[in-house]
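Novice: Take this structure first; my questions come after.
The values are calculated or read from the model by the stated rules, or taken from the named source; none is laboratory data. None of the values given here were measured: they were computed from a predicted structure. Because the Cβ atoms are built from the backbone with ideal geometry, glycine has one as well, and the counts that use them run over all protein chains shown. With ligands, DNA and RNA removed, areas are computed over all heavy atoms of the protein, side chains included. Shrake-Rupley method; radii C 1.70, N 1.55, O 1.52, S 1.80 Å.
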Amino acid sequence: PTFGITGVMEHLRNLGVADDTIVVYFSDNGWLWGEHRLRAKNQPYDESIRAPMLVRYPKLIPLPRVETRVALNIDLAPTFAELVGAGIPLFQDGVSLVRVLDGTQPAGTWRTDLLAEAWPGSHPWAVVREEQWKYTEIALDPGNPATTFDVELYDLFADPYEETNVAGAHPARVTTMAARLRQLRPNWPIDADPNGPDPLEEE
């Protein structure tokens, strides 16, 4: 037998449903192999938080292309729900990718930033990533509303490998992105303690 994606596609073609089936390959987040002098996968750097995604569905994507708009794993469930005609809950984190896939998403209406977050050991972090700028807060006293933070800001156009923290040179940008972080994660940093209370669950 043929294995891997070749085998999957061969089986779908043999069944006669290849062009009626959406096939999505979405990687887990990446393991660092010495970048930033780290070896782990729970870090706020792009090598760890970005993941490749491939989609095949001729009904929406008749020709190959590279899509530059940002898709998140939380977008998959709304996408599948829309494609099969299932109801979508009123409250959800993701957005259906159908109009991005078929090219009908109106210009300027897709997300321009995203929240990434993790709770590794004693240094939970939260990130706001835009196309050009990336802002990270690492809570030094997780769960304490008065905690201080290690703060990192990177200009990804000038520094795509996130080697030079420019937070000190851009205080206005830091202020703006810190406020945006709290819009995307309203209970930060109270919810930074993985062993502490979850305000959303206790309301």
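Novice: Filter segment 122-157 for residues that are open to solvent by 70 Å² or more (accessible area, probe 1.4 Å) and over 30 Å from Val95 (Cα atoms); which is modelled with the highest pLDDT?
Specialist: The residue in question is Asp150.
Novice: Here's a check for you: in segment 1-52, which residue that is assigned to a loop (DSSP other than H, G, I, E, B) and among the small types (Gly, Ala, Ser) is nearest to Val70 (Cα to Cα)?
Specialist: Result: Ala51.
Novice: Does any residue in segment 71-84 that is under 18 Å from Pro58 (Cα atoms) come within less than 7 Å, Cβ to Cβ, of a residue that is open to solvent by less than 70 Å² (accessible area, probe 1.4 Å) and in a helix (DSSP H, G or I) six or more places away or on a different chain, and which pairs are these?
Specialist: Thr79/Val98; Glu82/Val98; Leu83/Val98
Novice: Any residue that is open to solvent by 80 Å² or more (accessible area, probe 1.4 Å) and small (Gly, Ala, Ser) - is there at least one of those in segment 94-114?
Specialist: Yes - at least one qualifying residue is present in segment 94-114.
Novice: What's the number of the only condition in (1) touching a Lys or Arg at 6+ places or on another chain (Cβ under 7 Å); (2) modelled with pLDDT of 95 or more that Leu181 fails to meet?
Specialist: It is condition (1) that Leu181 fails.
Novice: Also, quick follow-up: Starting from residues that are of a type in the set (D, E, K, R) and loosely packed, with under 13 Cβ neighbours inside 10 Å, keep the ones in segment 1-20 and report whichever is farthest from the chain's Cα centre (by Cα).
Specialist: That would be Arg13.
Novice: Here's a check for you: in segment 45-92, which residue that is over 26 Å from Tyr135 (Cα atoms) and of a type in the set (Lys, Arg) is least open to solvent (accessible area, probe 1.4 Å)?
Specialist: Arg56
Novice: Which count do you get for residues in segment 169-181 that are open to solvent by less than 80 Å² (accessible area, probe 1.4 Å) and part of a helix (DSSP H, G or I)?
Specialist: So the count comes out to 9.
Novice: Here's another thing I want to ask about it. Residues Phe91, Phe157: which one is part of a loop (DSSP other than H, G, I, E, B), within 25 Å of Pro189 (Cα to Cα) and hydrophobic (A, V, I, L, M, F, W, C)? I'd like the intermediate steps shown before the answer.
Specialist: Values: Phe157 fails: within 25 Å of Pro189 (Cα to Cα).
Going through Phe91, Phe157 in turn, the sole match is Phe91.
Novice: All but one of (1) under 24 Å from Met53 (Cβ atoms); (2) touching a Pro at 6+ places or on another chain (Cβ under 9 Å); (3) open to solvent by 20 Å² or more (accessible area, probe 1.4 Å) hold for Ala118; state the number of the condition that does not hold.
Specialist: Of (1) under 24 Å from Met53 (Cβ atoms); (2) touching a Pro at 6+ places or on another chain (Cβ under 9 Å); (3) open to solvent by 20 Å² or more (accessible area, probe 1.4 Å), only one is false for Ala118: (3).
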